[in-house]
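Structure, as structure tokens:
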Amino acid sequence: MPALPSHGHANRTCRYLPGDAEWPSSDQWDRLNLTTGGRLIRGVPLAQPCHSPGLGFMSDACSAVRGSWTLPETHYNDSISVMSPYWLNDSCSPFRTSSFGCGLGNLAAYALEIDSAATAMAGLKFAQKSNIRLSIKNTGHDYIGRSAGRGSLSLWTHNLKNVTVLTYRSSHYTGPAVKVGAGVQFSEAYAAAASHNLRVVGGYCPSVGIAGGYTQSGGHGPLTASYGLGADNTLEFEVVTVDGRHLIASPDNHSDLYWALSGGGAGMYAVVLSLTVKAYPDGPTAGASLAFMNTDPIAYWAAVSAFQSHILAVDKIPGFAMSWGLDNQSFSLDVATWPGGSQRDIERALSPFTEKVTRLGLSLTKFNTTLFPSFHSHLEHYTFPPEVFSTNNSLGGRLIARSTIYNRLPQLVAAFQTIAENPNFRTVRISGNTFNLARKPVPKGWNSVLPAWRDAVYTLNVGILYSADATPGSLKAIQRQINEWQQLFRAITPGGGAYVNEATYDDPDWKADYFGENYNKLLKIKKKYDPNFALWQHTSVGADTYWEVAQDGRLCHLQGWGAVDDVESSPYN
């Protein structure tokens with residue numbers, strides 16, 4: 001095979017984009033569609049009705065798109081769209097015209113609805129043989145843009161919805177388990193487990209998928225204090241590798257791949273079709289919520305500091321978890337979760353803090369405790385306001401260790417105050433999710449979870465909520481500010497890290513912050529199972545090893561690879 005053309009990128013091999021002479025023909029796409037039983041979907045921007053001749057932006061169809069633009073389901077029910085406006089590139093906005101017209105921008109050119117290993121194999125083979133980019137998407141709930149890629153063939157796993165409750169048996173674990181397809185979301189997994197009087201580890205946001213970026217990047221939630229991270233509960237992954245093998249990765253089979261998938265980053269090592277996780281007996285779950293306003297700034301920030309100190313007190317309670325947030329107007333404990341606790345127990349656990357708030361002269365605007373018969377009913381009660389999970393939000397984050405609260409509490413609260421009082425960004429929310437992984441230890445090196453998780457008492461994120469019609473320039477300014485704030489916390493958490501799913505894509509220290517000491521081993525496994533980096537994302541293992549994004553959005557070999565032809569060395573050639 002002759003060397004691939006460089007498309008203006010001198011002496012470099014690049015992936016093809018639509019419009020290139022070498023882009024697959026309509027007949028070739030039709031054959032892929034026929035091979036997969038009609039599961040190929042041409043990518044169409046959601047806002048296309050707004051740019052159609054005639055009424056355009058005045059049409060009812062466009063109004064409907066605009067009205068639902070910030071709802072997660074608008075994007076996760078679409079085969080190519082993603083939730084983060086930053087990664088949509090304003091290529092086809094329902095709010096404004098663009099000099100680029102209505103194009104796909106950073107989104108996939110086609111999607112293949114994955115219903116089986118055979119369909120995944122067909123997609124992997126077609127993309128590699130045709131020299132086009134691959135992407136993997138379930139919901140597209142991803143702040144750092146890993147579910148998209150210009151000119152890619154998206155492997156869309158969202159409709160792999162099977163859920164099976166079983167008794168799992170292996171040399172490492174025997175007990176209840178739940179097997180979920182790669183498209184299953186937390187709301188579905190929680191309900192299925194609850195119907196068998198069980199509970200599973202998952203996150204707070206009900207629309208996130210359990211088997212994808214959540215578990216594969218660590219995964220925290222209200223049961224983390226009881227049972228560990230999502231990645232700590234994996235039993236096996238059903239996958240298709242880029243060379244077309246249908247494998248089960250577990251501690252006993254392909255253990256290196258299992259290790260990488262359990263915390264080492266999503267969408268990089270293989271295409272996950274299903275995941276089997278541990279399940280636990282369900283039972284009564286105590287809960288609480290509280291809030292107070294910033295009616296006196298000195299007292300308010302003293303109360304915020306007192307809450308940080310109180311985190312260390314409740315950290316000693318097995319299974320006690322909290323999700324909380326603050327801005328310059330108010331503080332709220334959105335939900336405290338205590339499996340096996342009572343209302344009296346949880347009120348006692350929080351009373352030293354509530355009494356401190358009162359002594360500071362602040363009034364609680366809310367303080368409620370509950371007891372529900374199951375974890376599922378508890379979580380359904382504590383629903384978050386819609387804006388918490390809206391798509392018009394950008395995040396940065398950091399894992400906060402106990403030592404930070406012990407030794408650097410004034411600096412930590414000062415950082416909160418600096419962010420909350422920033423006059424240029426008035427819709428900022430600082431949030432934390434507490435857990436106690438020290439009480440649920442896993443053997444060192446059992447999985448590839450960032451080691452900083454084991455010393456952390458909570459994961460912090462800082463989000464900026466912005467208008468649904470924010471311009472690309474505004475989004476870039478917001479991203480710059482989020483980066484600055486993430487670095488602000490890095491300075492007071494030496495040797496720490498961040499949860500990659502709630503952090504920035506362009507962190508200059510991303511290897512240390514998101515993968516830590518596991519990075520080199522993960523890279524070795526990546527090269528073993530995907531030597532030509534057919535699965536590539538920024539901010540992921542090997543992102544700076546093989547490909548980079550060129551100015552026109554295509555993937556090109558890094559300088560130094562010269563005319564290396566990875567298509568020629570593909571297993572499908």
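Summary table
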| item | result |
| --- | --- |
| Debye, to nearest 20: dipole size of the chain, +1 on Lys, Arg Cβ, -1 on Asp, Glu Cβ | 840 |
| Cβ-isolated cysteines (cut-off 4.7 Å), the chain | CYS205 |
| Folded to 0 to 90 degrees: helix 26-35 orientation relative to the chain principal axis, Cα | 60 |
| Two-site label geometry, HIS381 and ALA299: point separation in nm, points 7 Å out along Cα→Cβ | 3.0 |
| Summed side-chain charge close to SER217 - residues other than SER217 whose Cβ falls under 11 Å, Lys, Arg +1, Asp, Glu -1 | -1 |
| Using alpha-carbon coordinates, inclination of helix 519-529 to the longest axis of the chain, degrees | 40 |
| Efficiency of FRET from Cβ geometry, GLN551 and LYS524, R₀ 30 Å, rounded to 0.05 | 0.45 |
| Net charge over other residues, Cβ less than 14 angstrom from the Cβ of ILE136 (K, R count +1; D, E count -1) | 0 |
| LEU399 long-range amide H proximity, modeled H, under 5 Å | LEU460, GLY497, ALA498, TYR499 |
| Charge dipole (debye, nearest 20) of region 355-476; +1 at Cβ of Lys and Arg, -1 at Cβ of Asp and Glu | 500 |
| Apportionment of accessible area to carbon and sulfur, region 399-506, percent (1.4 Å) | 52 |
| In sequence order, calculated HN-Hα J values of region 489-497 (Karplus, 6.51, -1.76, 1.60; Hz; x Gly/Pro) | 6, 4, 5, 9, 10, x, x, x, x |
| Fraction of accessible area attributable to carbon and sulfur, region 196-286 (%, probe 1.4 Å) | 51 |
| Net length gained if the chain between SER187 and SER330 were fully extended (0.36 nm per residue, minus Cα distance) | 48.6 nm |
| Of the chymotrypsin sites (Phe, Trp or Tyr not before Pro) in region 11-107, those whose Cβ has at most 15 other Cβ within 10 Å and which sit in DSSP loop | PHE100 |
| Distance violations [Cα-Cα > 31 Å] among LYS179/LYS444; LYS125/LYS524; LYS440/LYS521; LYS129/LYS528; LYS137/LYS278; LYS356/LYS444 | LYS356/LYS444 |
| Other-chain or far-sequence residues with amide H under 5 Å of THR139's (modelled H) | GLY209 |
| The chain, accessible area per residue, ligands and nucleic acids excluded (1.4 Å, Å²) | 38 |
| Unit charges at the beta carbon, dipole of the chain: most positive-side option, LEU32, VAL457, LEU71 | VAL457 |
| Farthest positive-ward along region 384-455 dipole, Cα basis, beta-carbon charges - from GLN417, GLY396, LEU437 | LEU437 |
| Loop-resident sites, region 444-514, for chymotrypsin sites (Phe, Trp or Tyr not before Pro), counting at most 10 other Cβ within 10 Å (DSSP) | none |
| Cross-link reach list, aspartates and glutamates versus LYS316, counting only Cα pairs under 15 Å and skipping chain neighbours closer than eight places | ASP345, ASP455 |
| Contour minus Cα-Cα distance for THR97 and ALA64 (0.36 nm per residue) | 10.2 nm |
| Shape call, the chain: gyration tensor on alpha carbons, a/c limit 1.5 | prolate |
| LYS366 versus TRP23: modelled label distance in nm, points set 7 Å from Cα along the beta carbon direction | 4.9 |
| VAL44 paired with GLN411, simple spin-label distance in nm, labels 7 Å along Cα-to-beta-carbon | 5.4 |
| Cβ charges +1 (Lys, Arg) and -1 (Asp, Glu), total dipole of region 258-368, debye | 160 |
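The values are calculated or read from the model by the stated rules, or taken from the named source; none is laboratory data. Being a predicted model, the structure only gives us computed values, none of them experimental. Positions of Cβ are generated from backbone atoms using ideal geometry, with glycine treated the same way; all protein chains shown enter the neighbour counts. These accessible areas exclude ligands, DNA and RNA; they are computed on the full protein's heavy atoms, side chains included. Shrake-Rupley method; radii C 1.70, N 1.55, O 1.52, S 1.80 Å.
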